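Below: one structure, written as structure tokens.
Where a number appears in this text, it was derived from the coordinates with a stated rule and is not lab data. The structure presented is a predicted model; accordingly, all values stated were derived computationally and were not measured.
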Amino acid sequence: MDVIKKPKKSKKSKAPKDSSQTLKLAALQKKQKEVARVLNLKNEIIMKGLSYLEYMDLRAEIERLNGLKEHFTRRVEKLKQQAK
């Protein structure tokens, strides 16, 4: 039996490693999405109706999350500008 050997094709190198800025950007965007998701949940809870104390607690938490959201947005923009 003759065994036909196929010529070996050169393997393409894997996708280039992400730079540290790209990894930071991806991590920030992931955190940003999570904060947005939690904010939506908290807003839905408020719309259902709560006692005054529960409302005040949730309102303080929503304000904190909005601050985080703005912070992440600024950092993402800064990293995008640095990447250019």
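What's the tally of Lys pairs in region 22-75 whose alpha-carbon atoms lie under 18 angstrom apart, where the two lysines are 8 or more places apart or on different chains? Summing the qualifying lysine pairs gives 8.
In square nanometres, what is the average projected area of the Cα convex hull of region 20-83? Before the final figure, lay out each step's value.
Working: hull surface 16.6 nm².
Over all viewing directions, region 20-83 projects a mean Cα-hull area of 4.2 nm².
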